[in-house]
Amino acid sequence: RPPPPPPPAPTAAAGRGTPAAQDVAEEAGHGIGGLVDGRRVAVGSPRWIDAGPLKARVEDLEAEGQTCVLVTVDGFLAGAIGVRDELRPEVPEVVRSLRDQGVEVSMLTGDNSRTAAALAKLAGIGDVHAELRPEDKARIVAGFSETSPTAMIGDGINDAPALAGATVGIAMGATGSDAAIESADVAFTGHDLGLIPQALRHARRGGRIINQNIVLSLAIITVLLPLAITGVLGLAAVVLVHEVAEVVVIANGLRAARARKQ
């Protein structure tokens, strides 16, 4: 897969275009490096690249709730860039909807703890795990899965191990990386997080209908079997009643295919 294009803000500030990088290598959870104009450039987190003389500036950026990215050129520190994630407008409502359905919501992120705490507060999430590597996310999700069914939602290469280890892995297909989509059990073609509580409601409704059909089928057999054995009903009558009842079961099952908008 070709490397992603450089983010527009730094290139716009530089006032010129950036040539495509060559010999690109990703360090999952840390950063990325490659050759640009024949020079070895690396971009990554302060946990991967030593901030050196920029350590104080990095701390200031993180104190402002930004995630700091360090840049090196030919092994020498070239600068620091502060980035801040913008919370998607639908996230607080999605979190409230999931909580109303009895789902506990946690945030797992590789961002620094200050940035994560600020975003979690806006989203209404109380359980936050920050500064995580991919294996850390996978370990936490595995712990959740031991006590209750767990769904992991992600879209990046760093989320792939956790998506694979969850009870249900959900990748946001429109923006997800290839690794995330391949590791997930479910991939949404859209990017609207509001699809998640909708899918949960639909799945639970489908489960209830399946249970209804199982109970109904067993009840029909339980009633018809003694009647057939004792001769109260003839074979033709038993078959007719059974087939009519099965049509009712099938019709009830078809309700699961109809999604309710809420």
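Just so you know, all these numbers are worked out from the coordinates, no wet-lab data involved. These numbers were taken from a predicted model, which means no experiment stands behind them. Ideal geometry is used to build each Cβ from the backbone, glycine not excepted, and the neighbour counts take in all protein chains shown.
What the table shows:
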| item | result |
| --- | --- |
| Ratio Rg/Rh [Cα only; Rh per Kirkwood] for segment 8-83 | 0.96 |
| Relative contact order (percent, whole number), the chain, Cα cutoff 8 Å, 6+ residue spacing | 10 percent |
| Longest DSSP-loop-exposure-free segment, trypsin sites (Lys or Arg not before Pro), the chain, at most 15 other Cβ within 10 Å | 85-257 |
| Segment 97-152: relative contact order in percent, alpha carbon pairs under 8 Å with at least 6 residues between | 32 percent |
| Taking only Cα atoms of segment 91-196, radius of gyration then Dmax in Å | 12.9, 32 |
| Span from the segment 185-214 Cα centroid across to the segment 87-112 one, whole angstrom | 17 Å |
| Share of Cα-Cα pairs in the chain lying beyond 25 Å, as whole percent | 59 percent |
| Pairwise FRET efficiency - A63 versus Q22, Cβ, R0 = 35 Å, nearest 0.05 | 0.45 |
| Label zone at E93, where the point sits 7 Å out along the Cα-to-Cβ direction: segment 179-202 residues whose backbone N lies under 15 Å | 191-199 |
| Calculated from backbone phi, Karplus (6.51, -1.76, 1.60) coupling profile of segment 63-72 in Hz, x at Gly/Pro | 5, 7, x, 9, 8, 9, 10, 9, 10, 10 |
| GNM result for the chain, Cα springs below 10 Å: residue of A199, A25, A251 fluctuating most strongly | A251 |
| Helical mean residue ellipticity (222 nm; -39500 (n - 2.57) per DSSP H run of 4+; nearest 500) of the chain | -14500 deg cm²/dmol |
| Choice from L70, L163, L54 with maximal GNM fluctuation in the chain (Cα, 10 Å cutoff) | L54 |
| Taking only Cα atoms of segment 198-257, radius of gyration then Dmax in Å | 14.7, 50 |
